[in-house]
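The structure under discussion appears below in the form of structure tokens.
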Amino acid sequence: MASSEVDQKFLGKAAKAVEHENPLLASVLYKILGLSINLSYQLVKAKKQRRPDGTPTSAQLDLSFHIIWLSREGLVLLEQYVLPMVGAYTELKVLAYKLRASFYHIFVLFHNTPPVSSMGVNTPDPQSTPQSRLDKGKGIATDDDDVPPTAKPRRNIDGGPVGPPPGFGPESPSAFLLKPGDYLPIAHQYFKEAAELADKILWGSHSLRLSVKTEYAAFLYECVHDAEGSRKLAKETVAQVYDATEGIDNDMFNDACELVTVLGKMMKRGLTSSNKNQPSNTGAQQTARTEPREGEPSAPPGMI
């Protein structure tokens, strides 16, 4: 997520490759690389600090604000300086599309309205806060009912400040950083575009293509809450890797092996223990085809 080590490698390579022909693009890519390394560290930290009850501490709020700010700045750099210049590049274009989806993925996790994840800074719902109690069949009794009439403050009926209308309650604590809203549809659309572009340009075992599909599968599971769709995407991606015949270098081979391992775990994510124990013909075939020698990582034939 915004970005993985694979994405960071390609960012560094792309920046180095365009230094002479496009110094501005190279400088922006280096900035996004530094930002993404910082952001990756903050995201891991936020995941470790997440509390089961979802109630954020002040430290978690500060961390969430930092993550949203980094993502916002990264998206600005990407949309203003990178996306308009990637038409002539192959891997960089796929990477730019993937990073755009990744930044919106973070907005969905940490800043979405309505919230879809427990990781974000959620806006309290005033209707869910217990402001009154039932008075044993006599209707709703407020706290003012325990106060003598002479002690109640006199209400100003001639005007003055009023509360917000329904639907316009308190804003998200991070509203000063980014406009509140539902970022889920646009994030989903950008993931679709990145995945389609990766399928069109890159071969099945390309590590950047696998990075796109891995985060897309995670997005479907965490944010869209489409567990079946996430497992299906992971399964199809692994199958395409096994069918690939293109050769890759050692570095890409190692990255692809790690991503295939992650996708393999995503294929079982959300399944019950009984379903996990059921044998799969596809999995058995893949295991038979990729039996590694001792001390070597397993990999599909097309990736050797």
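Just wondering, is there one or more residues in segment 106-128 that are under 29 Å from K16 (Cα atoms) and modelled with pLDDT of 90 or more?
Pass one, segment 106-128, residues under 29 Å from K16 (Cα atoms): 106.
Checking which are modelled with pLDDT of 90 or more leaves us with 106.
Yes, because at least one residue in segment 106-128 is under 29 Å from K16 (Cα atoms) and modelled with pLDDT of 90 or more.
Are there helices (runs of 4 or more DSSP H) fully within segment 1-90 with at least 2 residues that are more than 21 Å from H111 (Cβ to Cβ)? List them. Please lay out each step first, then the result.
On the way: elements: 5-17, 23-49, 58-77.
Filter on segment 1-90 gives 5-17, 23-49.
State yes or no: is A217 at pLDDT 95 or above and over 22 Å from K13 (Cβ atoms)? First the steps, then the outcome.
Numbers: at pLDDT 95 or above: yes; over 22 Å from K13 (Cβ atoms): yes.
So A217 passes the test.
May I ask you to verify whether Y104 is open to solvent by less than 40 Å² (accessible area, probe 1.4 Å) and either part of a helix (DSSP H, G or I) or in contact (Cβ under 8 Å) with a residue 60 or more places away in the chain (or both)?
On the way: open to solvent by less than 40 Å² (accessible area, probe 1.4 Å): yes; either part of a helix (DSSP H, G or I) or in contact (Cβ under 8 Å) with a residue 60 or more places away in the chain (or both): yes.
The answer is yes for Y104.
Hey, could you check segment 20-51 for residues that are open to solvent by 10 Å² or more (accessible area, probe 1.4 Å) and closer than 14 Å to Y89 by Cα and say which is nearest to the chain's Cα centre (by Cα)?
In this case the residue turns out to be N22.
The values are calculated or read from the model by the stated rules, or taken from the named source; none is laboratory data. Note that this is a predicted model, so its numbers are computed, not measured. Quick reminder, even Gly has a Cβ in these numbers, built from the backbone with ideal geometry, and neighbours come from all protein chains shown. Calculation scope for accessible area: heavy atoms of the full protein, side chains included, ligands and nucleic acids excluded. Shrake-Rupley method; radii C 1.70, N 1.55, O 1.52, S 1.80 Å.
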